[in-house]
Amino acid sequence: MKKLCCLILILVFSAGCTQQKASTEEGGALEIDWLVPLHTPQPPKEKALDIIEDKTNTKLKLIWVPDSTKEERINTTLAGGSMPKVMTLPDLEDSAVVSALRSGMFWEIGPYLKDYPNLRTLDKTILKNISVDGKVYGIYRERPMARQGVVIRKDWLDNLGLEMPETVDDLYKIAKAFTEQDPDQNGKDDTIGLADRNDLTFGAFKTLASYFGAPNEWGTDEDENLFPYFKHEAYKDTMAYMKKFYEEGLMNRDFAVTSKTQQQDLVIQGKAGIYIGAMSDAMNLRDQGLALNPEFQLEIANRIKGPDGKERTWALGGHGGMFAISKSSVKTEEEVKKILAFFDRIAEEDLNNLMLYGIEGVHYEKKGDSGYFRKQEYYHLWEAEIQPLNQLIGINKQALKSAEDPLRAKNEKLEEDNRAIAVQNPAEPLYSAAQMDRGTELKKIIDDATFKFILGEINEKSFDKAVVKWEKHGGGTIMKELNEDLKKAN
């Protein structure tokens, strides 16, 4: 009987120990080492990180990599084979990254997303844009999908009795008035309409092309075959439109060699009144402009109608790369699910706000139910302790809105509104080895011909010859490979 009692006690004790051990393992902090780009001089201090770790029951080992060396570090890590559990992959067009994803170095997470309340709401268009061979290997880093629009000197419009533009014809008329009618009322002929730069994508050209009805990088013909957007008639219409600006002196004469900083300086210094590009640039332009001129006022607009009366704007992929889970460091499906649960938790409003704005009363003050403002005396704290954490954000809910800055609030509203008229790039998720190898080099052929046409150095016939050159030197192969990949995807 004594032996039986002892045996029972031993079994109960053993079971209790086993249960306690299991409970400890289940309740123990999940350790995640994570390679993250750093866009600030120093990594964040631990205060906010401690809150994230506490609320997610994790121990984070963040491997901060300076932005200037991130590509080299990522490629070296991929080649070495020894990876952290989570890697931030900012550039999904990098050939080394694409090769790593296609070779099975990362977990395919697409099938698991439906099991998490926040991850299951990920945007299907953006998921398609980050997919490789139709599979999703990471959680995208959400970015505004369509942020392009028109930034314009509101005080100049008021001085000339003009309204905000609604069409491409309005833009031309305003640019002409800003150039010829002394909009700053200083009695001098010292202003132009449009400030532009040596960038056909993020400068004025591509946004104007989308207004004119051009596809976003790639269009599809009646047989659903892809073709480059510079073969579309609207691309040529945009060249002719900008050539008119140039010939009539309505824009900066040296735009083809002008940097973004120089372009912005033209607006800030009161030399140009129209800036076409990211509407979010308006706040920086305004702040610097006001420092020079207390009368300086800016307004922003989207939904500029093309010649056919339709409203369109080109879309980015909606992401800044993704967070991928390494197979070499994460061996089990169980741990994959735990890491996905972590990403699901940091997408909740409390931690999302923490990584965006910081701690209320320390980094920002709240005004009203949904507004916030960051006091200037807190800015250095936010920059040092919170700004680097922006790089950990996948889903960006932006639950707090700008309470004291109408221009910033309008930008947030118009970026969201742009999604309704956004033109997607149909080749975004497709793969072409030739594009990876020679795409940048071949793009220069078209860019050079486009600039020369606007400058009046070549005619349409010569531009068409440049397109033929692009095709012969590898562009035809890119078209062929993308169309083959499109057929596989369908």
Q. Does the range 434-487 hold any residues that are surrounded by fewer than 13 Cβ atoms within 10 Å (Cβ to Cβ) and in contact (Cβ under 8 Å) with a residue 40 or more places away in the chain, and which are they?
A. G456, E460
Q: Just give me the residues in the range 349-383 being free of Cβ contacts under 8 Å to residues at least 12 places away in the same chain and part of a loop (DSSP other than H, G, I, E, B), in sequence order.
A: G361, D369, K375
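Look through the range 118-139, keep the residues that are polar (S, T, N, Q) and in a loop (DSSP other than H, G, I, E, B), and return whichever of them is farthest from E108 (Cα to Cα).
Step one: filter the range 118-139 for residues polar (S, T, N, Q), giving 118, 121, 125, 129, 131.
Cutting the leftovers down to in a loop (DSSP other than H, G, I, E, B) gives us 118, 131.
On the way: N118: 18, S131: 10 Å.
Of everything passing the filter in the range 118-139, N118 is farthest from E108 (Cα to Cα).
When you look at E333, is it farther than 24 Å from E217 by Cβ, among the charged types (D, E, K, R) and in contact (Cβ under 8 Å) with a residue 24 or more places away in the chain, yes or no? Reasoning before the result, please.
Numbers: farther than 24 Å from E217 by Cβ: yes; among the charged types (D, E, K, R): yes; in contact (Cβ under 8 Å) with a residue 24 or more places away in the chain: no.
No.
Given the criteria more than 19 Å from V151 (Cα to Cα), of a type in the set (G, A, S), surrounded by 20 or more Cβ atoms within 10 Å (Cβ to Cβ) and not assigned by TED's automatic domain parsing to the domain that holds D169, does A324 qualify? Break it down into steps so the answer makes sense when it comes.
Working: more than 19 Å from V151 (Cα to Cα): yes; of a type in the set (G, A, S): yes; surrounded by 20 or more Cβ atoms within 10 Å (Cβ to Cβ): yes; not assigned by TED's automatic domain parsing to the domain that holds D169: yes.
The answer is yes for A324.
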Q. Which residues, counting only those in the range 106-133, are more than 21 Å from the chain's Cα centre (by Cα) and of a type in the set (G, A, S)?
A. G110
Q | Candidate set: the range 416-430, residues that are in contact with a strand residue (DSSP E or B) (Cβ under 7 Å, 6 or more places away or on another chain) and part of a helix (DSSP H, G or I); chosen: the one nearest to Y140 (Cα to Cα) | A | N418
Q: Take the range 140-157 and flag every residue that is out of contact with any helix residue (DSSP H, G or I) (no Cβ under 6 Å at 6 or more places or on another chain) and either without any contact (Cβ under 8 Å) to a residue 12 or more places away in the chain or in a strand (DSSP E or B) (or both).
A: R141, E142, V150, I152, R153
(Q) I'm told D254 meets every condition in (1) touching a Phe, Trp or Tyr at 6+ places or on another chain (Cβ under 7 Å); (2) surrounded by fewer than 19 Cβ atoms within 10 Å (Cβ to Cβ); (3) at pLDDT 95 or above except one. Can you identify the failing condition by its number? (A) (1)
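A quick yes/no check of all residues on (1) surrounded by 14 or more Cβ atoms within 10 Å (Cβ to Cβ); (2) in contact with a Phe, Trp or Tyr (Cβ under 7 Å, 6 or more places away or on another chain):
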position	(1), (2)
L38	yes, yes
A48	yes, no
E53	yes, no
K59	no, no
L62	yes, yes
M83	yes, no
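One line per residue, one yes/no per condition, for (1) under 26 Å from A420 (Cα atoms); (2) acidic (D, E); (3) at pLDDT below 95; (4) surrounded by fewer than 20 Cβ atoms within 10 Å (Cβ to Cβ):
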| residue | (1), (2), (3), (4) |
| --- | --- |
| D123 | yes, yes, yes, yes |
| G134 | yes, no, yes, yes |
| Y137 | no, no, no, no |
| R143 | yes, no, yes, yes |
| V151 | yes, no, no, no |
| D158 | no, yes, no, yes |
| G161 | no, no, no, yes |
| K173 | no, no, no, yes |
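Does G213 meet the test of being on the phi > 0 side of the Ramachandran plot, buried (at least 17 other Cβ atoms within 10 Å of the Cβ) and not assigned by TED's automatic domain parsing to the domain that holds N459? Please lay out each step first, then the result.
Details: on the phi > 0 side of the Ramachandran plot: yes; buried (at least 17 other Cβ atoms within 10 Å of the Cβ): yes; not assigned by TED's automatic domain parsing to the domain that holds N459: yes.
When the stated conditions are applied, G213 passes them.
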Q. What residue, of L60, L35, L113, L101, is at negative phi and in contact with a Leu (Cβ under 6 Å, 6 or more places away or on another chain)?
A. L113
**Q.** Selection within the range 384-415 - part of a loop (DSSP other than H, G, I, E, B), of a type in the set (D, E, K, R) and more than 20 Å from the chain's Cα centre (by Cα)
**A.** E404, D405
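If I filter the range 298-319 for residues that are in a loop (DSSP other than H, G, I, E, B), of a type in the set (V, I, T), under 30 Å from V151 (Cβ atoms) and at pLDDT 95 or above, do I get at least one hit? Outline the logic, then answer.
Here is the first cut: in the range 298-319, the residues in a loop (DSSP other than H, G, I, E, B) are 302-304, 306-310, 312, 315-318.
Those still in the list that are of a type in the set (V, I, T) too: 304.
Adding the requirement that they be under 30 Å from V151 (Cβ atoms) leaves 304.
Retained after the next criterion (residues that are at pLDDT 95 or above): 304.
Taking every residue of the range 298-319 in turn, at least one turns out to be in a loop (DSSP other than H, G, I, E, B), of a type in the set (V, I, T), under 30 Å from V151 (Cβ atoms) and at pLDDT 95 or above.
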Q: State all residues of the range 75-92 that are in contact (Cβ under 8 Å) with a residue 60 or more places away in the chain and under 22 Å from L60 (Cα atoms); if no residue qualifies, say none.
A: G81, S82, M83, P84, K85, V86, M87, T88, L89, P90
(Q) Which numbered condition in (1) out of contact with any Pro (no Cβ under 8 Å at 6 or more places or on another chain); (2) among the polar types (S, T, N, Q); (3) farther than 30 Å from K173 by Cα is the only one that S131 fails? (A) (1)
Q) On the given criteria, is I130 aliphatic (A, V, I, L, M), surrounded by 15 or more Cβ atoms within 10 Å (Cβ to Cβ) and not assigned by TED's automatic domain parsing to the domain that holds A79? A) no
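The values are calculated or read from the model by the stated rules, or taken from the named source; none is laboratory data. A quick note: this is a predicted structure, and the numbers were derived from the prediction, not measured. All Cβ positions, even for glycine, are placed from backbone atoms using ideal geometry, and neighbour counts span all protein chains on display.
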